[in-house]
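Take a look at the structure set out below.
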Amino acid sequence: MATIVPTLLNGRFTGAGLEAAQAVYTGASLNAASPDFGADPYGLKDSTDAIQKAIDKAHELGGGSVFLPSGTYKVSYPFLKMKGKVRVHGAGEGTRVFATADTQVPEMTGVFHTGTYNTREQDPALVRFGVENLMILARNGSLAQHEEPIPNVCGIIWNTDLGTGSVEPDARPTLSNVEIWDMDMGAAILGRDDQEMVSVNLKIRQTLKAGIQIGKHPEHPELKAGAPGGAGGADNKFIALNVGGANKETGGLHAGVEIYTSQVTFDTCKVWYSRRTLPWQDIYGRPTTPELTQEGALAGAYEEISGEEAWENPKNRDKLFAGAGWFIKGTKNKFIGCEAQDNGGHGWVIQWGKNTFSECSAESSSYTDTLGGAARTYEAADFYVCNGASNSLMIGCTAESPRAKTSSARWGFFIESWFSNLRIEQAQAREHPKNQAGEPRAVRIGKDMREGCVIDVNNIYRSTLRRDNPVQTPKAGAEYTLDTGLQVQAVYFEGAPAKHPENIEWAKGAAPAEYPAMAWFVRTEQKMIGYVVGAPAAAAPMPQAAAPQRLELEGKTLKLTPDGGSVTIPETDLSSLISRADALARRVEALEARPQGGGGGGAAVLQDTGIRLLETISESGGLCDVLIRRVGSTVQVWMVTTNPERRHGSAAPQFTKQNVVLESKTLPKGFLPALGALPNYPDRSGGPRYTHDNRFAVSAIVTSNIGNGQPFQVGTLGFFSWYNNLVMRVERNTSRAMMGSLVWTTTDPWPTQLPGTAYEG
């Protein structure tokens, strides 16, 4: 039997052995540029059919990968249709797939796609597909310069519908380490089943419309037709998404990232250089005739407003997000450490609610280099918050305009009128231009702020956490008289009311006997605004010590005073012994009556419980002692970690995991902090939110010792007022014992029974 040997000619198989070479398979890892399929890595001929054959073959084999070696691959409409369980991957930036304009594209289609923008792909087997480690470009695949986008060509479109026959509820596509240039739209994640995707390092540059759209736009034909599945694209995660140069078309009405779905998480993502040509009236919802001339001038009259504070609810929301970085018209999404930088429109437009923003930032919106037509600098806001963004939470967000002299946002935070259930806390706005009154435009708060709101930007604070008493803020330096005649010196800011603000919880009655009046806080919605400056009430008398027991000798009778009782002793002279015992008793009595700190006087001795061991907590392989002591009205607590094998000393606690949280039981009566009894706050439906007594919370650091006498912080300790207990978080294990301590004043009655056991540490 003759053996056919493949022959190589100029780096390619040829001759009679070619068919033999093609018949050899090495599993379902297919090279689209191999003779099996014939994709051209030099970009000279169209490789659409070759790559599609490799995708189809991998699917036929039950799933696998299609590899595109380094090179430039030319593709054309209808481009590349993904199949179930098939991944297309390249060699990083060395693999470039570029779309040509040789054929007109009738509707928005992805270079890699399931379905089109308008029509879903229905296939129960369309799961676990994806694209990784390559670039997608337009026209020629060159990296020398950006090219004009091709209309209706999108880098990626996922529009997947698994129907009811799939073994998996979600398609779980992959889109990682992909860079997309010069598309009509960079990527669109639209399908009802395009869920549970984790996208890492997706970069999109220079698009006519949005950089990426997640979920269907409200005007999408499937939504208007009532097709099942809603907006689609939910429950995904994007890490290190980077979108730059979106909305390039003149008069464009797109943002860099547009979100029309729910429960998507964005972590350390950035949007920058989105373009804007529309005037400021459009992005604040003010126009009546929004058209522009070809020269970019206004084609009609716009509504004019008298002063910035007259701005209310926009009349036209369709253009709020033109040139914005982020546009959120979905709910229950999370944004962690995400940025908007140098965008022509607003940095962020938040239209719908129940979203969470943690340490997100916006910088230099209305940036000069991203403006054209009627757009000007000093117009956009870094954060534009619509009144529909109810139940949203923004923590530690920052707005900044370091280019204020040349290009800047008009506002740090622009908040519409008539909004409710919005929390913006620990926010900062820096270097924004000043208004007519010479004040920086850090935040603009619209009128009629309704229930459940907290706005805390720089030193500006508003709160309506109680439905029945909207917040009124006293003016700095204003004084208000309490019912007892004591005075309050306010330390708040802005807008002085004519009389007592109704929402302030005024202290009733005299100050507690053991509590200094200067420390009596007056609070509004848990925000301290002042303190009592009047004289404290007279201190209650301290309990007097019982009279000491004495022995007295009268003849042969030995008497006990003052309780009574006597005994007759034998005929023995004990007078000298009794006199010495009596003198000793009097000296002990005098010592006990000395005031603390020594010196003369006759002050009463403070009651002292001594150090009590309340409990020992066992957690993650370590032990922690909870200690407490009360002296007079002062309470000190400790949480001290120990080693299970050595109950005391400096041995390591030996925790088996990091970030250990240790919680004590409820502290006993007689030891709880003062300053409680604020009313319970209702929740959004009017019922009770929680039922604790709102006692004053304190906190301190937890320290350890590295062995040379230098303590360092390893955690925190706090009093948790909801449960009246201690909570210590140990952020890292060490080779030494750790301790945290708190001190507070109590107004509780002296305990009738000492808690725990005497501490012998």
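The residue among G245, I204, G163 whose Cα reaches farthest toward the positive pole of the charge dipole of the range 155-274, with charges on the beta-carbon of Lys, Arg, Asp and Glu, is G245. Amide H contacts of Q341: V271, W272, Y273, E363, each under 5 Å away and 5 or more positions distant or on a separate chain (H built 1.01 Å from N in the peptide plane; Pro and chain starts excluded). Applying 1/(1 + (r/R0)^6) with R0 = 45 Å to the Cβ-Cβ distance of T268 and T757 gives a FRET efficiency near 0.35. Here the calculated FRET efficiency for K224 and E359, from their Cβ-Cβ distance with R0 = 35 Å, stands at 0.40, rounded to the nearest 0.05.
In this structure, the amide hydrogen of G64, modeled 1.01 Å from its nitrogen in the peptide plane, lies closer than 5 angstrom to those of V86, R87, counting only residues at least 5 positions away or on a different chain. Given +1 at the Cβ of Lys and Arg, -1 at the Cβ of Asp and Glu and no other charges, the dipole of the range 336-389 around its Cα centre is 260 debye to the nearest 20. Cα gyration tensor of the range 83-130, axes a ≥ b ≥ c as square roots of the eigenvalues: rounded (a/c below 1.5), prolate (a/b > b/c) or oblate? Oblate is the answer for the range 83-130, as a/c is 1.5 or above yet b/c matches or exceeds a/b. Between N316 and W750, the simple label model (points 7 Å from Cα in the Cβ direction) yields a spacing of 7.7 nm. Using a cut-off of 21 Å between Cα atoms, the listed pairs K83/K209; K83/K329; K83/K332; K45/K81; K329/K434; K224/K329 include K83/K209; K83/K329; K83/K332; K329/K434 as exceeding that distance.
Quick note: the coordinates plus some simple rules give every number you see, no bench work behind them. Small disclaimer: the values here were computed from a predicted structure and weren't measured. Because the Cβ atoms are built from the backbone with ideal geometry, glycine has one as well, and the counts that use them run over all protein chains shown.
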